[in-house]
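Written out below as structure tokens is the structure these notes cover.
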Amino acid sequence: LCIENDQAVWSLSADIVCLKSDGNVLDAAIIALMAAVEDLKLPQASLDPATGVVSADKAIETQLTLRKRLFPATFSLVDDAYLVADADDAEERLTTATLLVVLDDQGHLANVWKRGAGTIDRPTIARCIAEAKNRQNVVSSALE
């Protein structure tokens, strides 16, 4: 995203609008944002050193390349007993804890985020990571 070292860079932002949420919107938002960035083409930009003005040539586009793709998978613990993947709105209301597992395109763990008052034991976390790897393969194929 660098236009000129120490001088100018592209600044990207994305607004994600959820028209209807029936639970687990974070996974969908992350996947949609990743797909949008992969599809993004920026016009060639240059900085005029005399004026400091950046101009863009829309006739020449550059495809962005992500270093890594991220694949989120959210799991909800319902009533401290049942593990639910991609909980819907009704299931989310019964959730005592939620675990977001994010894997990169190599299947390596990129992030784990637990929220909620309930506890999630290590075997359950390991199960969530294994299920996230299965989901990564499905989502990766869908994005091709």
Name the strands (runs of 3 or more DSSP E) wholly inside region 40-144 in which the number of residues that are in contact with a Pro (Cβ under 6 Å, 6 or more places away or on another chain) is 1 or more. 54-63, 95-104
Every pair of residues 6+ apart whose Cβ atoms lie under 7 Å, when the first sits in region 101-122 and is touching a residue at least 40 places away in the same chain (Cβ under 8 Å) while the second is assigned to a loop (DSSP other than H, G, I, E, B): G118/D80
Residues of region 123-144 classified as open to solvent by 50 Å² or more (accessible area, probe 1.4 Å), touching a residue at least 40 places away in the same chain (Cβ under 8 Å) and under 20 Å from T96 (Cα atoms), total: 2
Output for region 1-39, where each listed residue is part of a loop (DSSP other than H, G, I, E, B) and under 24 Å from A87 (Cα atoms): D15, I16, V17, C18, L19, K20, S21, D22, G23, N24
Given (1) closer than 22 Å to E91 by Cα; (2) aliphatic (A, V, I, L, M); (3) in contact with an Asp or Glu (Cβ under 8 Å, 6 or more places away or on another chain), identify the lone condition not met by V25. (3)
Look through V112, V102 and report the one residue that is of a type in the set (V, I, T), at pLDDT 95 or above and open to solvent by 60 Å² or more (accessible area, probe 1.4 Å). V112
Can you confirm whether D86 is in contact (Cβ under 8 Å) with a residue 60 or more places away in the chain and either of a type outside the set (A, V, I, L, M, F, W, C) or farther than 22 Å from D39 by Cα (or both)? yes
Kindly indicate whether any position in region 31-43 is over 26 Å from V17 (Cβ atoms), without any contact (Cβ under 8 Å) to a residue 40 or more places away in the chain and open to solvent by 50 Å² or more (accessible area, probe 1.4 Å). no
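The values are calculated or read from the model by the stated rules, or taken from the named source; none is laboratory data. Worth saying up front: this structure is predicted, and the values here are computed from it rather than measured. As a convention, Cβ positions derive from the backbone with ideal geometry for all residues, glycine included, and neighbour counts pool all protein chains shown. The protein model used for the area step is the full one, side chains on, heavy atoms only, and it has no ligands, DNA or RNA in it. Shrake-Rupley method; radii C 1.70, N 1.55, O 1.52, S 1.80 Å.
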